[in-house]
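I have placed the structure first, in the form of structure tokens, so that the comments after it can refer back to it.
The values are calculated or read from the model by the stated rules, or taken from the named source; none is laboratory data. What you see is a predicted model, and the numbers here were worked out from it, not measured in a lab. Cβ placement follows ideal geometry from the backbone for every residue including glycine, while neighbour counts extend to all protein chains displayed.
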């Protein structure tokens, strides 16, 4: 597997217009790779045609469904669902309709191999640290946290650093900081102890992972 944006000390941004899509070998969809660290983690956007599944793989999977729905273990997970699937579970991931999802495939920590799943549509968010910010936790383990964060229009957060780095997928609206503007569909990765001053004039919903980049072996 070819290395792609493997230096986690670097800040990486992929805007929607810069996505590069490749057809999958089985002809059942396409993939846009964002980062690839062989033996550690591969992050990508994946499109699957109805009735098609991910290639069989023993890696651990973390998924956020953006469009359509996925069938996993006999259950249908609609857009807005978060899934964490341990490789040893033997579960397959099948598209019930044309589907787009964010995928992280790699290795979960040996001391936390929990599988999990959560639908987020219609779920109440909790108030955040500043007015206009609300949070829906999805998963926590060790120093790593995964959540959805909603920013109301005009919300400004305080400048801060991220121990263990930060990874953001913009689901809707536009997320911003002093480094740039990130419309829906943008993905970025900021390194351990990176600093920024985020805000959103338009408002946005983002999928966020923090605390997982201080160790290059962390997924």
TODO: Considering each residue of region 58-69, count those that are surrounded by 13 or more Cβ atoms within 10 Å (Cβ to Cβ) and part of a loop (DSSP other than H, G, I, E, B), and give that number.
DONE: 2
Open item on the list: Just to check your reading of the model, which residue among 129, 138 is in contact (Cβ under 8 Å) with a residue 24 or more places away in the chain and within 20 Å of the chain's Cα centre (by Cα)?
Closed with: 138
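Each row is one residue, and each column tells you yes or no for (1) at pLDDT below 95; (2) surrounded by fewer than 16 Cβ atoms within 10 Å (Cβ to Cβ).
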residue	(1), (2)
50	no, yes
55	yes, yes
71	no, no
74	yes, yes
83	no, no
99	no, no
106	yes, no
116	yes, yes
120	no, no
- [ ] Looking only at region 18-25, decide whether some residue is modelled with pLDDT of 90 or more, under 28 Å from residue 176 (Cβ atoms) and not in a loop (DSSP other than H, G, I, E, B).
- [x] yes
Open item on the list: Going through 178, 202 one at a time, which residue ends up being surrounded by fewer than 23 Cβ atoms within 10 Å (Cβ to Cβ), within 15 Å of residue 13 (Cα to Cα) and at pLDDT 95 or above?
Closed with: 178
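Within region 1-17, take every residue that is within 19 Å of residue 175 (Cβ to Cβ) and in a loop (DSSP other than H, G, I, E, B) and give me the one that is modelled with the lowest pLDDT.
So in region 1-17, the residues within 19 Å of residue 175 (Cβ to Cβ) come out as 11-17.
Subsequent filtering for residues that are in a loop (DSSP other than H, G, I, E, B) retains 11, 15.
Numbers: 11: 93, 15: 97.
So the residue we want is 11.
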TODO: Identify, from the list 123, 208, the residue that is touching a residue at least 60 places away in the same chain (Cβ under 8 Å) and closer than 28 Å to residue 76 by Cα.
DONE: 208
TODO: Could you tell me whether any residue of region 122-130 is buried (at least 16 other Cβ atoms within 10 Å of the Cβ) and modelled with pLDDT of 95 or more?
DONE: yes
- [ ] Any chance you could count how many residues in region 96-116 are closer than 10 Å to residue 84 by Cα, under 17 Å from the mean Cα position of the chain (by Cα) and in a loop (DSSP other than H, G, I, E, B)?
- [x] 2
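Residues are listed down the side, and each one gets a yes or a no for (1) touching a helix residue (DSSP H, G or I) at 6+ places or on another chain (Cβ under 6 Å); (2) surrounded by fewer than 17 Cβ atoms within 10 Å (Cβ to Cβ); (3) under 20 Å from residue 63 (Cβ atoms):
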site: 140; (1), (2), (3): no, yes, yes
site: 149; (1), (2), (3): no, no, yes
site: 153; (1), (2), (3): no, yes, no
site: 156; (1), (2), (3): no, yes, no
site: 165; (1), (2), (3): no, no, no
site: 210; (1), (2), (3): no, no, yes
